[in-house]
Structure formats: structure tokens, C-alpha cells
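**Q** Take this structure, written in C-alpha cells, and hold onto it; I'll ask about it next.
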Amino acid sequence: MWLLIVHSFALLLFVLLYAFRFRKLVPNPEPNLLLQIQTATKDWKSTHHLVLLIGFSLFLLYPLTLGFSFYLQSDANVLVVILWVIWAYNWSKYTFWRE
């Protein structure tokens, strides 16, 4: 349970850090956040893009952390992994390949 709390706090921290601190540093920001993430992969060494990519990766890993914190003691963790793979695949597909 403590891992879920730490993960939630880190996700909230990176989202708020990007929204209130680093979004102003992006020249001509895209109105769509998914397009911002797609352009951040091309120049990931700058700080504001790195914060955005870390926040997106924490967002992708959130269901896995949530599922493992509740279902680690049972056989349902296989279902959690399968659902997480579907979650991460769909978000990655719509973010990076725009299908």
C-alpha cells in the first residue's frame, strides 16, 4: 500500500511541476498534451521534456502499481499484468503513432 501512495505522490508531483513550472519554458506549446509528449521524445534531454516524459511513464505504470498493491496476494495479479499491457499499449499507440 505504501508503494501506491509513493507512486501517487510522485505522479502528482511531476504533473504539477510540469503544469506550473515547466510549461512556461516550452516555446509555442501544443494545445494537445499527447502532441507535447510526442515532441518531447525528440528532445528528451531538456529538463521540461524530461519532466513530461517521467510524468507520462508514471501515468503508464499507475495501473500496474495499483493492481499489485491490492492483488499481489492472489492469482489475480496475472489479470492485472494483462490489463496493464493493454493500457500501456493503447496509450503508447495513440500518443506516439497517432492511430
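The values are calculated or read from the model by the stated rules, or taken from the named source; none is laboratory data. Keep in mind that what you see is a predicted model, and the values were worked out from it rather than measured. Note: areas computed on protein heavy atoms with side chains; ligands, DNA, RNA excluded. Shrake-Rupley method; radii C 1.70, N 1.55, O 1.52, S 1.80 Å.
**Q** Roughly how many Å² is the accessible area per residue of the stretch 1-97, as a whole number, for a 1.4 Å probe?
**A** 68
**Q** For Lys93, which lysines qualify as cross-link partners when the Cα separation must be under 18 Å and same-chain residues fewer than eight apart are set aside?
**A** Cross-link targets: Lys42.
**Q** May I ask you to derive the relative contact order of the stretch 1-97, considering only C-alpha pairs under 8 Å and at least 6 residues apart, and to give it as an integer percent?
**A** Result for the stretch 1-97 is 32 percent.
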